[in-house]
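Structure, as structure tokens:
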Amino acid sequence: MFKIEFRTRRYSTLMALALLIFGSTYATAQDMNSLHGRLSPMPVTAATVKTITGQGQLTAQLNGSTLTVSGSFEGMSSPATMAHIHLGPKAVPGPVILRLDVSAGSSGKISGNLTLSPEQISALHAESLYVQIHSETNPEGELRGWLTH
């Protein structure tokens, strides 16, 4: 009887440990797929330092290879004309890789459901993707924010 009780406790302890390990791995994977960003004025040239204004926030969720981005912005110097996801490490401008939907106003919403390649997913997890909103008076870009964990 003691052997059966001991085995049952041992089995229960092993199961609890396994659930703890796999549960924390799952939670970590979930955290890696939830990202956010803060949109702030980012001058592209010295001439635009005084002409860019505004702020905003973003959230992004990766599910498989689909990235869902949503957010809002306000206070830009002129209406938004387009928004993109660019490839580049923090504080380094990079090329456009994906297009986002954006409200045509100085305040509004930004969104997109995008399919990422394996390379783009790696860049996302390395925090090397950023969102940039372009405006009428700042066609090179007015607000920028990196997607971070």
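The values are calculated or read from the model by the stated rules, or taken from the named source; none is laboratory data. Since we're looking at a predicted model, the values are computed, not measured. Each accessible area value is taken on the protein alone, full model and side chains, heavy atoms only, with ligands, DNA and RNA left out. Shrake-Rupley method; radii C 1.70, N 1.55, O 1.52, S 1.80 Å.
Could you tell me what % of all Cα pairs in the range 91-138 have separations over 14 Å?
Working: 669 of 1128 pairs.
Considering the range 91-138, 59 percent of its Cα-Cα pairs are separated by more than 14 Å.
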*What's the extension gain from S40 to E127 if we count 0.36 nm per residue and subtract their Cα-Cα distance?*
29.7 nm
*Between A47 and T66, 0.36 nm times their residue separation minus their Cα-Cα distance comes to what?*
3.1 nm
*Could you tell me the accessible area of H36 in Å² (1.4 Å probe, neighbours in place), rounded to the nearest ten?*
90 Å²
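Using the heavy atoms of the protein chains and a 1.4 angstrom probe, tell me the accessible area per residue for the range 45-149 in square angstrom. Please list the in-between numbers first.
On the way: 4870 Å² over 105 residues.
Here the residues of the range 45-149 average 46 Å² of exposed surface.
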_Sequence of K90, K50, K109 from largest to smallest accessible area, 1.4 Å probe_ = K50, K109, K90
*Would you mind giving the average projected area, over all directions, of the Cα convex hull of the range 37-122 in nm² with one decimal?*
5.6 nm²
_At q = 0.14, 0.25, 0.31 Å⁻¹, base-10 log of I(q)/I(0) for the range 26-76 (Debye sum, equal scatterers on each alpha carbon)_ = -0.51, -0.90, -1.10
